[in-house]
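Student: For reference, the structure I am asking about is given below.
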Amino acid sequence: MINHNDATHQIFRQILLGCEIAPTTTQTSFFGEVPASSEVFQIDSAYPGEDALERVARALAENKPYAMAFFDMPMQPGPDSLRALDRLWQVDPQLQLVLCSSHSDYPWGTLTGRLGADHRVLILKKPLDNVEIRQAACVLTTKWQMTKAAAFKTSSLEEAVEGRTKALANANVNIQDSPVILYRLRGEPSFPLIYISHGITHFGHDCTALLVSQSWANELVDPDDHAKVDAALARVLENDAGDISIELRLRTGGGACRFVENRYVPVRDKRGRLIEVEGIIVDITERKAAEEKMARLAPTDTLTGLANRASFLARLRRAFAAAQHCGMPFAILLVDLDHFKRVDDRLGHPIGDLLLREAAKRLRNCTCENDFIARLGRDVFVVLQSEMGEPTNAGELAAKLQTALAYPYVLNGNDVRMSASIGICPYVQDDSDADAMLALAELALLRAKRNGGSRWHFHSNELDREVLERVALAADLRGAIDRGELELRYQPEVELSSGNILGMEGLIRWHHPTRGVISPGVFIPIAERDGTMAALGHWVFDQACRQMRAWRVEGVAPLMIAINLSLFELKSAQAFLRDVTETAAKWHLAPSDLEFDVTEATLARLSWAHNDVLARLHELGAKIAIDDFGSEFASFDYIKAYRVNHLKIAQSLVQRSTSDPESAATICAIVTLAHDLGIGVIAQGVETEQQRALLAATNRATNAQGFHFSEAVGAARASELLRQGHIAPCSGSCLEE
């Protein structure tokens with residue numbers, strides 16, 4: 001406190017330290033009633049002038065700077081007071097000041113005009129309210145601490161970036177004349193290029209031009225490989241992703257292409273958040289040419305035109321070596337035609353040969369361009385699925401192969417029926433070598449044959465159960481809508497300060513006849529892979545609009561209803577936008593009645609693909625919310641680009657906030673920045689009164705949803721809540737509907 005009066009210093013100590021002192025009449029006119037306090041601050045007193053300056057300078061020199069000072073301004077209009085402020089800021093530019101001024105002390109217009117909107121100044125009018133004094137002390141000291149912490153983190157990050165840049169620059173000196181290129185991407189959804197080594201000039205590109213280009217990837221990558229790059233970067237965005245390696249065609253400045261191996265190395269902080277992506281490009285054009293020449297010269301199966309066993313083993317070993325160096329995981333699918341010998345014996349070898357040729361043709365039609373097919377024996381084939389992704393994909397391919405091979409054959413007038421058994425071995429990091437994988441695939445095929453044939457098995461029971469369960473769920477999901485097994489539940493979004501219900505979020509549930517209630521986290525990924533996401537997304541949207549219309553007719557409709565969007569829906573931009581306009585019109589709703597929630601991870605992939613569907617939704621008048629915000633990137637750059645209406649703070653961040661000061665500070669920073677940008681905030685997963693109080697303490701208009709208010713409920717219960725209009729926070733559990 002900077003003041004001439006010792007008694008005033010004493011009262012400030014009482015207010016901020018909680019001492020019990022009986023104020024005089026004069027002091028009461030200055031401060032009002034003086035309540036007791038339970039919070040404690042470290043306080044010094046100083047007189048205006050040199051005393052204050054010396055204390056501020058000494059504290060700064062001892063690395064114990066003051067966060068703030070209360071400064072009484074009892075003097076007559078003149079330059080002295082404002083000059084005193086300038087002198088204090090010359091000593092410590094970060095010092096925050098609370099000016100205590102009465103209308104008679106200083107002309108108000110002059111004071112505010114002189115100081116403007118300086119974030120370091122807060123003006124309080126006398127008589128001072130003691131609660132305001134304590135709030136000012138709490139807010140400004142917290143703000144000062146957060147600013148210091150942010151500055152420290154920024155400084156540390158800059159040092160780390162500078163160090164990495166120097167290291168790469170040093171490495172660049174050693175590789176300028178080699179076919180290896182190093183580059184670095186910032187770890188945010190648009191993946192800006194922030195460094196690329198001189199080696200790129202050997203391909204006819206200019207380093208400086210690429211660094212300032214918004215479409216650097218399009219300039220470097222052949223258009224036919226864009227999807228492959230998008231898929232790889234989508235994997236990089238996943239929290240548990242390690243190094244990823246792909247082969248692609250790099251465009252030269254002259255328009256030609258070179259084959260390169262491109263390796264992505266995610267760089268994460270201690271919480272697993274992506275900071276940067278380091279890249280390594282190696283020119284493999286000559287190696288690819290040699291491999292293709294060997295493949296052309298390698299012996300093939302003369303009957304089917306497929307590769308033979310020797311060719312397959314060579315390809316398998318290359319795939320194994322690539323996977324060990326962070327390439328895409330692959331799978332071996334060993335295919336045996338059931339009871340082929342009966343056909344061979346009964347109809348003769350010529351018909352058997354025709355059957356094998358047709359089977360080979362069907363295998364080709366079922367596999368991707370990069371998959372490798374070989375014939376290992378009379379009726380044994382093998383498929384190397386080059387980009388498996390996960391074991392479920394191998395199981396799906398096996399089912400597809402079986403269906404194709406089981407379709408009737410007409411061979412020189414003979415109607416032949418055939419089934420197939422398939423043994424599968426997916427690559428895992430602990431596999432010893434390629435030959436061991438093939439042996440495991442043979443064991444898996446033997447299991448399939450012993451169990452009656454016409455089926456597929458993995459080499460382990462555990463994988464069998466896991467994949468078969470997912471495949472069965474996919475089959476069940478295809479009929480779930482028609483069987484009426486899906487339900488849309490509604491979770492209220494409430495205003496923290498009043499408990500008023502502002503909106504409802506529609507959340508899908510699947511009531512499986514034998515497995516019970518299945519959460520969307522389980523079946524939505526299956527729907528996206530299985531091709532049922534379009535129908536599922538339309539059902540959710542139609543149900544939400546229908547319910548919103550019913551509430552409007554009843555006169556209890558909330559301001560908006562929120563719907564979660566998947567990456568699949570957003571990628572089918574034209575069809576999705578048409579569905580939005582047609583379904584909203586069908587239920588007599590405007591797009592402004594709707595809010596579409598997109599997760600950070602989905603938005604990141606959308607940003608990289610340069611998809612404009614969210615911008616077009618915004619043009620229609622619909623609201624956009626970023627779901628699960630703060631769990632991964634918390635980048636405000638793409639938020640501004642998409643003109644987002646709401647940020648939904650991640651449940652994981654809210655749950656940590658009461659035990660982790662860094663998480664609490666992150667929430668405070670998100671709320672403050674969102675407020676400055678005019679973006680609303682909704683805290684997800686609020687489950688306790690302590691979490692609610694922490695959010696309320698940000699002193700910003702924040703909304704919330706979570707079990708502390710209500711779980712996701714059925715339509716009837718949601719209607720009851722809307723008729724009430726508000727929800728009081730639960731004192732205990734809110735899990736009962």
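The values are calculated or read from the model by the stated rules, or taken from the named source; none is laboratory data. Owing to the predicted nature of the structure, the values given are computational and were not obtained by experimental measurement. No Cβ is skipped: glycine too gets one built from the backbone with ideal geometry, and neighbour counts run over all protein chains shown. Side chains are part of the model used for accessible areas, which takes the heavy atoms of the whole protein and leaves out ligands, DNA and RNA. Shrake-Rupley method; radii C 1.70, N 1.55, O 1.52, S 1.80 Å.
Student: Out of Leu220, Leu211, Leu250, Leu233, report the one residue that is among the aliphatic types (A, V, I, L, M) and over 15 Å from Leu185 (Cβ atoms).
Tutor: Going through Leu220, Leu211, Leu250, Leu233 in turn, the sole match is Leu250.
Student: Please state which one of Asp435, Asp379, Asp371, Asp338 is touching a strand residue (DSSP E or B) at 6+ places or on another chain (Cβ under 8 Å) and closer than 30 Å to Val265 by Cα.
Tutor: Answer to the check: Asp371.
Student: Which residue is farthest from the chain's Cα centre (by Cα), if the candidates are limited to the range 499-522 and must be small (Gly, Ala, Ser) and surrounded by fewer than 16 Cβ atoms within 10 Å (Cβ to Cβ)?
Tutor: Restricting to residues being small (Gly, Ala, Ser) and surrounded by fewer than 16 Cβ atoms within 10 Å (Cβ to Cβ), the top hit is Gly516.
Student: Restricting to the range 255-274, count the residues that are within 27 Å of Ala650 (Cβ to Cβ) and touching a helix residue (DSSP H, G or I) at 6+ places or on another chain (Cβ under 8 Å).
Tutor: Final tally of qualifying residues: 3.
Student: Next question, about the same structure. Under 16 Å from Arg362 (Cβ atoms), of a type outside the set (A, V, I, L, M) and touching a Pro at 6+ places or on another chain (Cβ under 9 Å): does that describe Arg375?
Tutor: no
Student: Kindly indicate whether any position in the range 296-303 is at pLDDT below 85 and more than 30 Å from Leu376 (Cβ to Cβ).
Tutor: For the range 296-303, residues at pLDDT below 85 and more than 30 Å from Leu376 (Cβ to Cβ): absent.
Student: If you don't mind, there's one more thing I want to ask. Are there any pairs with C-beta distances below 8 angstrom linking a residue in the range 452-467 that is within 19 Å of Ala420 (Cβ to Cβ) to a residue that is assigned to a loop (DSSP other than H, G, I, E, B), with the two at least 6 apart or on different chains, and if so which?
Tutor: Close Cβ pairs (under 8 Å, with a partner that is assigned to a loop (DSSP other than H, G, I, E, B)) amount to Gly453/Asp338; Gly453/His339; Gly453/Ser419; Ser454/Asp338; Ser454/Ser419; His457/Asn451.
Student: Can you tell me which of (1) in a strand (DSSP E or B); (2) surrounded by 16 or more Cβ atoms within 10 Å (Cβ to Cβ) is the one Ile275 doesn't meet?
Tutor: Answer for Ile275: the failing condition is (2).
Student: Identify the single condition in (1) assigned to a loop (DSSP other than H, G, I, E, B); (2) open to solvent by 70 Å² or more (accessible area, probe 1.4 Å) that Gly685 does not satisfy, given that it satisfies every other one.
Tutor: (2)
Student: Within the range 1-80, which helices (runs of 4 or more DSSP H) (wholly inside it) include 2 or more residues that are at pLDDT 55 or above, surrounded by 13 or more Cβ atoms within 10 Å (Cβ to Cβ) and among the aliphatic types (A, V, I, L, M)?
Tutor: So the answer is 6-17, 50-61.
Student: When you look at Glu582, is it open to solvent by 50 Å² or more (accessible area, probe 1.4 Å) and either out of contact with any Pro (no Cβ under 8 Å at 6 or more places or on another chain) or modelled with pLDDT of 90 or more (or both), yes or no?
Tutor: Against the criterion (open to solvent by 50 Å² or more (accessible area, probe 1.4 Å) and either out of contact with any Pro (no Cβ under 8 Å at 6 or more places or on another chain) or modelled with pLDDT of 90 or more (or both)), Glu582 qualifies.
Student: Is it true that some residue in the range 248-258 is surrounded by fewer than 16 Cβ atoms within 10 Å (Cβ to Cβ) and within 25 Å of the chain's Cα centre (by Cα)?
Tutor: no
Student: If you go through the range 698-708 one residue at a time, how many are surrounded by 14 or more Cβ atoms within 10 Å (Cβ to Cβ) and of a type in the set (A, V, I, L, M, F, W, C)?
Tutor: Within the range 698-708, residues that are surrounded by 14 or more Cβ atoms within 10 Å (Cβ to Cβ) and of a type in the set (A, V, I, L, M, F, W, C) number 2.
Student: Tell me, which residue of the range 445-485 that is surrounded by fewer than 19 Cβ atoms within 10 Å (Cβ to Cβ) and hydrophobic (A, V, I, L, M, F, W, C) is farthest from Ile561 (Cα to Cα)?
Tutor: It comes out as Leu446.
Student: Now for a different question. Taking into account only those residues within the range 453-492 that are among the charged types (D, E, K, R) and in a helix (DSSP H, G or I), which is farthest from Arg529 (Cα to Cα)?
Tutor: Once the filter is applied, the top-ranked residue is Glu462.
Student: With the requirement that a residue be surrounded by fewer than 20 Cβ atoms within 10 Å (Cβ to Cβ) and part of a helix (DSSP H, G or I), what does the range 397-410 give you?
Tutor: Ala399, Lys400, Gln402, Thr403, Ala404, Ala406
Student: Moving on. Restricting attention to strands (runs of 3 or more DSSP E) lying wholly within the range 82-186, give those where 2 or more residues are hydroxyl-bearing (Ser, Thr, Tyr) and at pLDDT below 55.
Tutor: none
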